[in-house]
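Chemist: Let me give you the structure first, and then I'll get to my questions.
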RNA sequence: GGGCCAUUAGCUCAGCUGGCAGAGCACCUGACUUUUAAUCAGGGUGUCCCAGGUUCGAAUCCUGGAUGGCUCACCA
């Protein structure tokens, strides 16, 4: 019997629902003519005292006293107490109220007053059931703790845990502040395709999908870079795109298969301009959203005050590992050094790749930041312009906070011939089995051949930035519905017709 | 993918060396007209994640599996 899967409480609530309908009470009403939010009632008490207000929300607690009853109602703005008494509403309504369950959504109206313990309260004269809750709410004191349930049923998480709500409100404000900052500097927000015929702009494995009418494999984008640069070629000199990126890779506390990035391109700029843009933007966001230049992350302070330190990658590796790559010449010697440090370099590993590897292995997690690490080897930067002073390096930087890479940026490579060569190297790697290497993008090269102005580009991982600014240690805590393996439990939530009867 | 850990009532959690499945909140019955984690009296509502095995007897021990968390690998 399907009904056996429902606990006693779930059955009882279904029973109550049936009884309400039998009494002519509709348990799923239409909108209630709300006059004030819970917060407005509390903040406006001086003016509202004695006046009638109407509010709607979910009943979270109830304290019955026989012929009178207190309850707390929560709406989007917060909670407020209501008070209902038999001699105000009559037998029938009072019985109806007592039959409500915690979790039910009601609308109610009455005069605002203060109880003798000083709590601002609405003295209910009328109320309506707006939505009957068939499931009990998570526990009022401890909230919903089970991490798996929190991610799978974010609605219950949001209902029960105010701090979760706070994080997602902050996330929205951070993105809004970023958008305002950029549009305020004449950047144009654009939308480029999510489905690509050729992937590029990052080293990552893509998701593949299929279009029936075109009989075509399509890739979900792994970056927005190559399309945005096409737009710069087209004369849109300042563009940005905030949007979802998909990478078919592992899941961890800092990786979700779909995540949000912002990429920003500015003609007639270089990577130093991008550093300035980044530090100013993040500082502005912190000030606007947190009201502070600092944030405490993992019990340690991160200070966004300007300017942020800048370090050359090669110097950083020297500082931390004691190995000066300037004194290592050639791939063979580099591989020897790597082997001696237990890094097991691949057969064809180059000097630049190994330098980068040393950085990743020994330096990244020590960068508390915020800090800009600049001038990456050309071998690992196929879309960045070479440095004039040394063609083995590029004008590229990454920004680190709390040991995590938050942003990646460069003076863009605008030379179509150099770009073609770099693609060709990537294609070779791909042929050698590297599924993350770039594909040849002829149309992008075609665009570059029309001539692209000197351009600075910057990409920021929004989720990670939000983690830092909200003090979250897992990316799942800043993504409303993180990717989860489906569970048969989902079927448990699908009630058969038998249950509803 | 590897390692470690977790999974018991709607929720938060106990449950020892194997011996009748427990508490708080929620829920049900009753009392109570200014309480606020309301209070008081009574009631346990369960596929102990799943499947095997050991045993007279398994929530507990063993094997396999599922899901999740952390971590390593990979990445951003």
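Only the coordinates and a few stated rules stand behind these numbers; no lab work does. Note that the structure is a prediction, hence the values are computed from the model and not measured. Note that we place each Cβ from the backbone using ideal geometry, even for glycine, and neighbour counts take in every protein chain shown.
Chemist: Do you know the relative contact order of the stretch A:387-446, to the nearest whole percent, from alpha carbon pairs under 8 angstrom that are 6+ apart?
Modeler: 21 percent
Chemist: Going by alpha carbons, how many degrees (0 to 90, nearest 10) lie between the helix axis of A:271-290 and the longest principal axis of chain A?
Modeler: That works out to roughly 10 degrees.
Chemist: Exposure proxy check: A:28, A:376 ranked by fewest other beta carbons within 10 Å?
Modeler: Lowest count first: A:28, A:376.
Chemist: In nm, give the distance between the simple-model label positions of residue A:95 and residue A:146, each being 7 Å from the Cα along the Cα-to-Cβ direction.
Modeler: Computed distance between label sites residue A:95 and residue A:146 equals 3.7 nm.
Chemist: Could you please state, rounded to a whole Å, how far the C-alpha centre of the stretch A:59-83 is from the C-alpha centre of the stretch A:449-485?
Modeler: Centre-to-centre (Cα) distance: 41 Å.
Chemist: Of the peptides A:197-204, A:338-345, A:453-460, how do they stack up when ordered by the mean number of other Cβ atoms within 10 Å, highest first?
Modeler: Result, highest mean Cβ count within 10 Å first: A:453-460, A:197-204, A:338-345.
Chemist: So between residue A:343 and residue A:258, what do we pick up on full extension, going 0.36 nm a residue minus the alpha carbon distance?
Modeler: Once the chain is fully extended between residue A:343 and residue A:258, it gains 27.6 nm.
Chemist: Then there's this: In percent, what relative contact order does the stretch A:195-297 have, based on Cα pairs under 8 Å that are 6 or more apart in sequence?
Modeler: 20 percent.
Chemist: By how many degrees, between 0 and 90 and to the nearest 10, does the Cα long axis of helix A:8-22 differ from the longest principal axis of chain A?
Modeler: Result, in degrees: 60.
Chemist: Another one. Please give the FRET efficiency for residue A:425 paired with residue A:268, using the beta carbon to beta carbon distance and R0 = 30 Å, rounded to the nearest 0.05.
Modeler: That gives a FRET efficiency of 0.55.
Chemist: Using a 10 Å cut-off around each Cβ, can you sort A:312, A:31, A:42 from fewest to most neighbouring Cβ atoms?
Modeler: The order, fewest Cβ neighbours first, is A:31, A:312, A:42.
Chemist: Continuing with this model, one more query. Suppose each label sits 7 Å from its Cα in the direction of the beta carbon; what would the residue A:214-residue A:19 distance come out to in nanometres?
Modeler: 5.9 nm
Chemist: Report the paramagnetic label zone for residue A:30: residues of the stretch A:126-152 whose backbone N is under 18 Å from a point 7 Å from Cα along the Cα-to-Cβ axis.
Modeler: Output list for this probe position: A:127-132.
Chemist: Could you give the length gained on full extension between residue A:296 and residue A:67, defined as 0.36 nm per residue of separation minus the Cα-Cα distance, in nm?
Modeler: That pair, residue A:296 and residue A:67, stretches by 77.5 nm at full extension.
Chemist: With contacts defined as alpha carbon pairs under 8 Å and 6 or more residues apart, what's the relative contact order of the stretch A:13-136 in percent?
Modeler: Across the stretch A:13-136, relative contact order equals 29 percent.
Chemist: Let me ask something else about it. Would you please give the FRET efficiency between residue A:388 and residue A:484, computed as 1/(1 + (r/R0)^6) with r the Cβ-Cβ distance and R0 = 56 Å, to the nearest 0.05?
Modeler: 0.70
Chemist: Related question: If I fit a long axis through the Cα atoms of helix A:162-184 and take the longest principal axis of the Cα atoms of chain A, what angle between them do I get, 0 to 90°, rounded to 10?
Modeler: 50 degrees
Chemist: Find how many whole Å separate the alpha carbon centroid of the stretch A:23-50 from the alpha carbon centroid of the stretch A:341-383.
Modeler: 59 Å
Chemist: Return the FRET efficiency for the residue pair residue A:450, residue A:324: r is the Cβ-Cβ distance, R0 is 41 Å, and the value is rounded to the nearest 0.05.
Modeler: 0.45
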